[in-house]
Amino acid sequence: MAVIFQKTKGLTDTPFTYCPGCTHGIIHRLVAECLEELDLLDRTIAIASVGCSVMSYEFFNCDAIQAAHGRAPAVATGVKRVHPDKIVFTYQGDGDLASIGTGEIVQAAHRGDNITVIFVNNAIYGMTGGQMAPTTLPGQITTTSPYGRDVTKQGEPIRMAELMAQIPGAAYIERVMTADPVSVRKAKRAIKKAFEIQKNGGGFSMIEILSSCNIGWGLSPVDALKYIKEDMAAYFPLGVFKDKGAAQ
Amino acid sequence: MSKMLMKGNEAIAQAAIAAGCDAFFGYPITPQNEICEYMSKYLAKSGGAFVQAESELAAINMVYGAAGAGARTMTSSSSPGIALKQEGISYCAGAELPCVIVAISRGGPGLGGILPAQGDYNQATRGGGNGDYKVVVLAPNGVQEATEMVRDAFLLSEKYRNPVMVMADGVIGQMMEPVEINTDPLPKFEKPWAATGESQSRGTRNVINSLFLNPVDLENHNIALRKKYDMIEENEVQVDLYMMEDADVALVAYGTPSRIVKSAIEEMRAEGIKVGLIRPKTLYPFPFKQINAAADKVKFLLTAELSMGQMVHDVRLAVNGKVPVYFYGRAGGMIFEPKEISDAVKSHLGGE
Amino acid sequence: MKGRVTFNTNRCKGCGLCVSVCPVKLIELDKSTVNAIGYNPAYPAYPDKCIACTNCAIMCPDTVITVERLDG
């Protein structure tokens, strides 16, 4: 008899503040498992952002700094430059990273800062009640696109992984999803790879994770997973967009 | 160490390095560019980290990160750039992080101009950021004092775990003066609270945070901050009194304009007019008590600023109606001459 | 392969993701009880069916589930 799955030591015992079915919880667990498995918990500083994951500093069992909206990559740069041997990662949502924080994320990658970015894309501003995000799908109804996102007026959703892959300083960029057990296992491999790259001094890595917001989307938790797989992944293709290590 | 002739901005940067600055995060803006340039040239050589950030916003947030991780850190900018930094300064104040912000002020509002001005007194002392907080503000009147205040700023910031601003007008940044920089090692305060990563061996997680969703917790935090500011107001006021012993009129000025005011005082004294100077060296905490005491002995006070009148409101609060408080100011990069000050004093004396 | 799933019931928010991914349909939401945080928690309705695949634990957003392998 052997325990083959239990809560990782990379998480504190504080219950998540996320809505029932929200896959932020899965992503938290994956990040925490990777930190534990790579033996990084005693040298990691997490940078929490603003949005649903604002409280993530309560959940990761490591030191943490809560950053202003969009500024997590700049905060991470500040930490990493004075502690180059420590592991520094940001945990950001789509409003934080792809809207108010586009300057910071792009420039941190351009500097080639040896940090890891966990980018949770759920196509909505969840914390503030379901407003349109930069990644909201065309036609998707939110509280600020009540007739569906009109791309002629509100623009096309922004594909961050593709954008970031163009940056010479970015070492590893991958997009994964949390739609089913198989894709969650893949997501974990991607996150682990990103932390390994940082551990080995490989440079800037970002893992974009398509995630659910069943409450904001007005779907059941199970139907929200289907929406990730069928609707989000259709617009945001999965895959590795940049792998400097493999190219060399 | 002997005196060297140095440009204010460079002397400020050198003083910061001498004070053990671990990391500097800057962004170009006139008239403070030489600070960034000097740091880029010399900070790494002394083992520190230099980053030219993508914006003032990013720079102050890098400061927030580095300070949160226990480093002795600094940024510098000028008026519109300091405006952009307010978000990060508020976060630093909220999370009680020690850091130094050097502000080399220019004219405003908006893009304003690039010549010296003091229109940022309110921005500095009231905080341009959100929430109930205070930033210690030191105002040097020359290059030598600017270097001493930079050193002081690191010390005060760590002593109180609070952002400290050194606000110098553009004159100080750009002019050259003989200066002797203190190179004695500056004691480092223990930072057991810093998020340095060793959560497991420490046995406790260190979290840097300014979020308190429970109103009881946030009020307690606000009260604790207020108590800290009370201590700062009690212990850290710095003010220079010049020829105030027998003065009938008190002039109030800070920064380089205070030197022009001194010349005016000497001219007026030669004419038999007994004028003195009160020079706040800390704009926060402001020398309310000292100015209030002075008001008992003079006919009136006159505040001279390179603005349309900002510090004058604090002087009026300090005087509390005991005697009149007049104002004379120039702005936009225009600087008053001693004669303008003596004319202003005489015009108010003339009515008697 | 035989397994056993254990639920930390009072952390469960009753989202049902575990129910949806269990290949042997052993988990159900317990509509007859409300847990400490106000939800109908998931529970192993047919525990003997468990094949220790860990799908349920992998999809659980609230780290409610522990999985043990009982053979080999």
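The values are calculated or read from the model by the stated rules, or taken from the named source; none is laboratory data. The structure presented is a predicted model; accordingly, all values stated were derived computationally and were not measured. Glycine gets a Cβ as well: all are built from the backbone with ideal geometry, and neighbour counts include every protein chain shown.
Condition check ((1) under 16 Å from the mean Cα position of the chain (by Cα); (2) closer than 17 Å to residue A:77 by Cα; (3) not β-branched (Val, Ile, Thr)) across all residues:
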site: B:74; (1), (2), (3): yes, yes, yes
site: B:78; (1), (2), (3): yes, no, yes
site: B:81; (1), (2), (3): yes, no, yes
site: B:86; (1), (2), (3): yes, no, yes
site: B:93; (1), (2), (3): yes, no, yes
site: B:97; (1), (2), (3): no, yes, yes
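Name the residues in the range B:36-63 that are buried (at least 20 other Cβ atoms within 10 Å of the Cβ) and closer than 12 Å to residue B:75 by Cβ, would you?
B:36, B:39, B:51, B:53, B:56, B:57, B:58, B:59, B:60, B:61, B:62, B:63
So that you can scan it fast, the table gives a plain yes or no per residue for (1) surrounded by 19 or more Cβ atoms within 10 Å (Cβ to Cβ); (2) closer than 30 Å to residue B:280 by Cα:
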position	(1), (2)
B:168	yes, yes
B:172	yes, yes
B:176	no, yes
B:180	no, yes
B:189	no, yes
B:192	no, no
B:197	yes, no
B:201	no, no
B:204	no, no
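Being of a type in the set (Ser, Thr, Tyr) and under 23 Å from residue B:148 (Cβ atoms), is that true of even one residue in the range B:291-303?
Checking the range B:291-303: not a single residue is of a type in the set (Ser, Thr, Tyr) and under 23 Å from residue B:148 (Cβ atoms).
Residues in the range A:56-83 that are facing chain B (nearest Cβ under 8 Å), farther than 23 Å from residue B:75 by Cβ and part of a strand (DSSP E or B): how many?
The total comes to 0.
Out of the range B:222-247, which residues are over 19 Å from the mean Cα position of the chain (by Cα) and touching a residue at least 60 places away in the same chain (Cβ under 8 Å)?
Correct list: B:222, B:225, B:226.
Can you name every one of the helices (runs of 4 or more DSSP H) wholly within the range B:22-95 that holds 3 or more residues which are of a type outside the set (A, V, I, L, M) and within 7 Å of another protein chain (Cβ to nearest Cβ)?
B:56-68, B:86-94
Does the range B:188-206 include one or more residues that are farther than 30 Å from residue A:56 by Cβ and either out of contact with any Asp or Glu (no Cβ under 6 Å at 6 or more places or on another chain) or within 14 Å of chain A (Cβ to nearest Cβ) (or both)?
Within the range B:188-206, one or more residues are farther than 30 Å from residue A:56 by Cβ and either out of contact with any Asp or Glu (no Cβ under 6 Å at 6 or more places or on another chain) or within 14 Å of chain A (Cβ to nearest Cβ) (or both).
Quick check: is even one residue across the range B:49-58 touching a strand residue (DSSP E or B) at 6+ places or on another chain (Cβ under 8 Å), closer than 30 Å to residue B:220 by Cα and in contact (Cβ under 8 Å) with a residue 12 or more places away in the chain?
Yes; the residues of the range B:49-58 include at least one that is touching a strand residue (DSSP E or B) at 6+ places or on another chain (Cβ under 8 Å), closer than 30 Å to residue B:220 by Cα and in contact (Cβ under 8 Å) with a residue 12 or more places away in the chain.
Considering only the range A:29-47, how many residues are more than 8 Å from every other protein chain (Cβ to nearest Cβ) and in contact (Cβ under 8 Å) with a residue 40 or more places away in the chain?
Matching residues across the range A:29-47 total 9.
Would you confirm, using the coordinates I've provided, whether residue A:154 is surrounded by fewer than 24 Cβ atoms within 10 Å (Cβ to Cβ), in contact with a Phe, Trp or Tyr (Cβ under 7 Å, 6 or more places away or on another chain) and over 23 Å from residue A:195 (Cβ atoms)?
no
Does any residue of the range A:217-227 turn out to be more than 27 Å from residue A:41 (Cα to Cα) and touching a strand residue (DSSP E or B) at 6+ places or on another chain (Cβ under 8 Å)?
Checked the range A:217-227: at least one residue is more than 27 Å from residue A:41 (Cα to Cα) and touching a strand residue (DSSP E or B) at 6+ places or on another chain (Cβ under 8 Å).
Looking at (1) in a strand (DSSP E or B); (2) surrounded by fewer than 20 Cβ atoms within 10 Å (Cβ to Cβ); (3) not acidic (Asp, Glu), can you tell me which one residue A:206 breaks?
Residue A:206 satisfies all of (1) in a strand (DSSP E or B); (2) surrounded by fewer than 20 Cβ atoms within 10 Å (Cβ to Cβ); (3) not acidic (Asp, Glu) except (2).
For (1) polar (S, T, N, Q); (2) within 8 Å of chain A (Cβ to nearest Cβ); (3) over 18 Å from residue A:183 (Cβ atoms), each residue gets a yes or a no:
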{"residue": "C:6", "(1), (2), (3)": "yes, no, yes"}
{"residue": "C:20", "(1), (2), (3)": "yes, yes, no"}
{"residue": "C:23", "(1), (2), (3)": "no, no, no"}
{"residue": "C:30", "(1), (2), (3)": "no, no, yes"}
{"residue": "C:37", "(1), (2), (3)": "no, yes, yes"}
{"residue": "C:44", "(1), (2), (3)": "no, no, yes"}
{"residue": "C:56", "(1), (2), (3)": "no, no, no"}
{"residue": "C:60", "(1), (2), (3)": "no, yes, no"}
{"residue": "C:65", "(1), (2), (3)": "no, yes, yes"}
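Name the single residue that is nearest to residue A:131 (Cα to Cα) among those in the range A:36-55 being assigned to a helix (DSSP H, G or I) and within 15 Å of the chain's Cα centre (by Cα).
By that ranking, first place goes to A:52.
Take the range A:100-111 and flag every residue that is within 7 Å of another protein chain (Cβ to nearest Cβ) and buried (at least 24 other Cβ atoms within 10 Å of the Cβ).
A:104
Checking the condition more than 23 Å from residue B:118 (Cβ to Cβ), among the acidic types (Asp, Glu) and in contact with a strand residue (DSSP E or B) (Cβ under 8 Å, 6 or more places away or on another chain), which residue from B:198, B:158 passes?
Result: B:198 is the single residue among B:198, B:158 that is more than 23 Å from residue B:118 (Cβ to Cβ), among the acidic types (Asp, Glu) and in contact with a strand residue (DSSP E or B) (Cβ under 8 Å, 6 or more places away or on another chain).
Just need a number here: residues in the range A:145-184 that are out of contact with any helix residue (DSSP H, G or I) (no Cβ under 7 Å at 6 or more places or on another chain) and assigned to a helix (DSSP H, G or I).
So the count comes out to 10.
Out of (1) at pLDDT below 95; (2) buried (at least 22 other Cβ atoms within 10 Å of the Cβ); (3) not acidic (Asp, Glu), what's the single condition that is false for residue B:284?
(1)
Looking only at residues that are within 14 Å of chain C (Cβ to nearest Cβ) and charged (D, E, K, R) in the range A:209-234, which one is surrounded by the most Cβ atoms within 10 Å (Cβ to Cβ)?
Applying the filter and picking the extreme gives A:229.
Determine which single condition residue B:115 fails, assuming it passes every other condition in (1) surrounded by fewer than 23 Cβ atoms within 10 Å (Cβ to Cβ); (2) without any contact (Cβ under 8 Å) to a residue 12 or more places away in the chain.
(2)
Tell me which residues, restricted to the range A:1-28, are at the interface with another protein chain (Cβ under 7 Å from one of its Cβ atoms), within 22 Å of residue B:199 (Cα to Cα) and in contact with a strand residue (DSSP E or B) (Cβ under 8 Å, 6 or more places away or on another chain).
A:6, A:7, A:11
Which numbered condition in (1) out of contact with any helix residue (DSSP H, G or I) (no Cβ under 7 Å at 6 or more places or on another chain); (2) buried (at least 24 other Cβ atoms within 10 Å of the Cβ) is the only one that residue A:97 fails?
All conditions are met except number (1).
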